[in-house]
Amino acid sequence: MTDALFVGAHPDDAEILAGGTIAKLVRLGYSVTVADATRGEMGTRGTVEERAQEAADSAKILGVTRVNLALPDGGIGNDLPAATRRVVEAIREHRPRTVFTHEFGDHHPDHNAIAQAVKYACFQSNVLKYNTGQERFLPSRLFHYVGSRNRTPRTPSFIVDVTETFEVKMEALRCFRSQLANKDYEGPETYISSDLAWHHMEARAGFFGNLIGTRYAEAFTADAPLRIDDPVSLPDV
Ligand SMILES: [Zn+2]
């Protein structure tokens, strides 16, 4: 059993979009699993082996269990039922109370497709006759990362203060030596490997922090309104 499952299309997506929240949940004592949908084999930089090592190093820093669903990089959307099935298998194996994944309408087709597959899977994993040879399981909630490139951000349903764990997120991100800004790695230039992308990650955390009166934060949407039993107990802003 895991408390929270974070699904990213590629190794590094969960860290980029929710690494501070992941680290925070681990600090709070929750068990967290990160599932990378693909091995990132279509990435402009880095080999599958390099990326697997980077993902493992980052998982160690964050304190999470990490699995890979081995779906085709660049082609998750080509076979959505197959992607859904892999996610159902992961949900039934890890039995997370809460699931996080990409948002619909993300600029990257894989991000968009895995968001759809995870949404379907959260339903199908509780269908008795959807047979994977495992016990059925219904996650309680599905949340989506806010922060797609070149898109107006969706209005967050909630924002998590990650000021205390922002440095852990950055340390985890530095594990992705082939992917993110790193002068010691030679490879073709990409947006994500540029200093600009690094700056944008910090700026985005600062922007969301500004909305809740903290230094750094990460934002999420929910598919349904969130129940709050005691609105007076919410943190001050
Ligand atoms: Zn990605």
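Read the figures in this text as sums done on the coordinates, not as results from a lab. In this text, all values refer to a predicted model and were calculated from it rather than measured experimentally. Neighbour counts are summed over all protein chains in view; Cβ atoms, including those assigned to glycine, are modelled from backbone coordinates with ideal geometry.
By how many nm would the segment from residue 233 to residue 89 lengthen if fully extended, with 0.36 nm per residue of separation less the alpha-carbon distance? Could you put the intermediate results ahead of the total?
Details: separation 144, 0.36 × 144 = 51.84 nm, distance 3.75 nm.
48.1 nm is the gain from fully extending residue 233 to residue 89.
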Spin-label model distance (nm) - residue 215 vs residue 56, 7 Å beyond Cα toward Cβ: 3.3
Residue 6's amide H: which non-local residues (gap 5+, or another chain) put their own amide H closer than 5 Å, with H modeled 1.01 Å from N in plane and none for Pro or chain starts? 33, 34, 35, 100
With each run of n ≥ 4 DSSP H residues scored as -39500 (n - 2.57), what mean residue ellipticity at 222 nm is computed for the chain after dividing by its residue count and rounding to the nearest 500 deg cm²/dmol? -12000 deg cm²/dmol
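Using the membrane-span-like helix rule (whole DSSP H runs, Cα extent along the own axis of at least 24 Å, mean Kyte-Doolittle hydropathy at least -1.0), which helices of the chain qualify? Provide the component values of the computation, followed by the final result.
Values: long enough: 195-212 (26 Å, 0.11).
Membrane-span-like by this rule: 195-212.
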Let me make sure I get this right: for the chain, a, b and c are the square roots of the gyration tensor eigenvalues over alpha carbons, sorted descending. Under 1.5 in a/c it's rounded, otherwise prolate if a/b > b/c, else oblate. Which is it? oblate
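Classify segment 29-155 as rounded, prolate or oblate, taking a ≥ b ≥ c as the square roots of the eigenvalues of its Cα gyration tensor: rounded when a/c is under 1.5, otherwise prolate if a/b is larger than b/c and oblate if not. Could the numbers behind the result be given before it?
Values: a/c = 1.38, a/b = 1.22, b/c = 1.13.
Because its axes are fairly even, with a/c under 1.5, segment 29-155 counts as rounded.
Size of the dipole of segment 4-224 about the Cα centre, Lys and Arg at +1 and Asp and Glu at -1 on the beta carbon, nothing else charged, in debye to 20? If you can, show how the numbers build up before the last one.
Details: 25 positive and 28 negative charges, 168 e Å.
Charge dipole, segment 4-224, about its Cα centre: 800 debye, nearest 20.
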Taking the dipole of the chain about the Cα centre (Lys, Arg +1; Asp, Glu -1; charges at Cβ), the one of 123, 14, 59 that reaches farthest to the positive side is 123
Full-extension gain in nm, residue 27 to residue 183, via 0.36 nm per residue minus C-alpha separation: 53.0 nm
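Looking at the chain, which longest stretch skips every one of the trypsin sites (Lys or Arg not before Pro) that is in a DSSP loop with at most 12 other Cβ atoms within 10 Å, leaving the sites themselves out?
On the way: sites that count: 129, 151, 183, 227.
That would be 1-128.
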